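S.K.: The structure under discussion is supplied below as structure tokens; questions concerning it will follow.
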Amino acid sequence: SCSVFYGFQRTNCEAKGLSSVPSEIPDNTQWLNLNSNRMESLPEGVFDRVVPHSLALYDNQLSALPAGVFDRLINLKELYFSNNQLTSLPAGCFDKLTKLMTLHLSSKQLTDLPEGGFDRLVNLQHLGLCCMKLTELPSGAFDKLTRLKQLGLDQN
């Protein structure tokens, strides 16, 4: 079902009609593409075995995230999470992602951001928050993002 390249380091599961993250993803996957599937949820512990540097989950039907779902992804540098059905983010959901450099979070249903939600993303350079229903931002939302080069807030 998923295609594996470069000695198992790249796993492409894009547009496979998946409703969950496949269990057969190689442990040493560095780049994991799960875009354009039918996933509605991510179970707790789904990323306990596979810890990629790049994770793409856009164009799914994810409506909620369990607390701590990304906690094991401490080496993650890129997270693409746009075009899902999220209406809110759990507090601290990105706190362990201190190496993250790129975060795309655009979602038409997301109406607010958690207070301090980006505070620990000290290496973040690119943040995409376009196409949301944001009417205001938490005070100091980007104050700790000293390496930020690009911030997308259009269509809010």
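S.K.: Which one of these does Ala15 not meet: (1) touching a residue at least 24 places away in the same chain (Cβ under 8 Å); (2) out of contact with any Pro (no Cβ under 8 Å at 6 or more places or on another chain); (3) hydrophobic (A, V, I, L, M, F, W, C)?
M.R.: Against the list (1) touching a residue at least 24 places away in the same chain (Cβ under 8 Å); (2) out of contact with any Pro (no Cβ under 8 Å at 6 or more places or on another chain); (3) hydrophobic (A, V, I, L, M, F, W, C), Ala15 comes up short only on (1).
S.K.: Here is a follow-up. Out of the stretch 16-54, which residues are on the phi > 0 side of the Ramachandran plot and surrounded by 13 or more Cβ atoms within 10 Å (Cβ to Cβ)?
M.R.: Matches in the stretch 16-54: Ser36 only.
S.K.: Quick one: which of Ser107, Ser139 is under 19 Å from Leu62 (Cα atoms) and in a loop (DSSP other than H, G, I, E, B)?
M.R.: After ruling out the rest, the residue left standing is Ser107.
S.K.: For residues that are in contact with a Pro (Cβ under 9 Å, 6 or more places away or on another chain) and among the acidic types (Asp, Glu), tally how many sit in the stretch 115-138.
M.R.: 1
S.K.: Restrict the check to the stretch 1-10 and report whether at least one residue is crowded, with 17+ Cβ neighbours inside 10 Å and in a strand (DSSP E or B).
M.R.: Within the stretch 1-10 (the criterion being crowded, with 17+ Cβ neighbours inside 10 Å and in a strand (DSSP E or B)), the answer is yes, since at least one residue qualifies.
S.K.: For the stretch 106-123, which positions are within 13 Å of the chain's Cα centre (by Cα) and of a type in the set (A, V, I, L, M)?
M.R.: The one that is within 13 Å of the chain's Cα centre (by Cα) and of a type in the set (A, V, I, L, M): Leu121.
S.K.: Is the stretch 122-135 home to any residue that is part of a loop (DSSP other than H, G, I, E, B), touching a strand residue (DSSP E or B) at 6+ places or on another chain (Cβ under 9 Å), under 25 Å from Pro43 (Cβ atoms) and modelled with pLDDT under 95?
M.R.: no
S.K.: On the given criteria, is Arg72 touching a Gly at 6+ places or on another chain (Cβ under 7 Å) and basic (Lys, Arg)? Spell out the reasoning first.
M.R.: Numbers: touching a Gly at 6+ places or on another chain (Cβ under 7 Å): no; basic (Lys, Arg): yes.
For Arg72, the condition - touching a Gly at 6+ places or on another chain (Cβ under 7 Å) and basic (Lys, Arg) - is not met.
S.K.: Test of understanding: among Leu32, Leu42, which residue is hydrophobic (A, V, I, L, M, F, W, C) and outside any loop (DSSP other than H, G, I, E, B)?
M.R.: Going through Leu32, Leu42 in turn, the sole match is Leu32.
S.K.: Oh, and also: Would you tally the residues in the stretch 81-105 being under 10 Å from the mean Cα position of the chain (by Cα) and small (Gly, Ala, Ser)?
M.R.: Total satisfying the criteria: 1.
S.K.: Let me ask you something else. Quick check: anything in the stretch 144-156 crowded, with 16+ Cβ neighbours inside 10 Å, basic (Lys, Arg), at negative phi and modelled with pLDDT of 95 or more?
M.R.: There is no residue in the stretch 144-156 that is crowded, with 16+ Cβ neighbours inside 10 Å, basic (Lys, Arg), at negative phi and modelled with pLDDT of 95 or more.
S.K.: Out of the stretch 63-81, which residues are at pLDDT 95 or above and under 25 Å from Thr135 (Cβ atoms)?
M.R.: Listed by number, the residues that qualify are Leu79, Tyr80.
The values are calculated or read from the model by the stated rules, or taken from the named source; none is laboratory data. Note that the structure is predicted; figures quoted are calculated from it, not measured. Ideal geometry is used to build each Cβ from the backbone, glycine not excepted, and the neighbour counts take in all protein chains shown.
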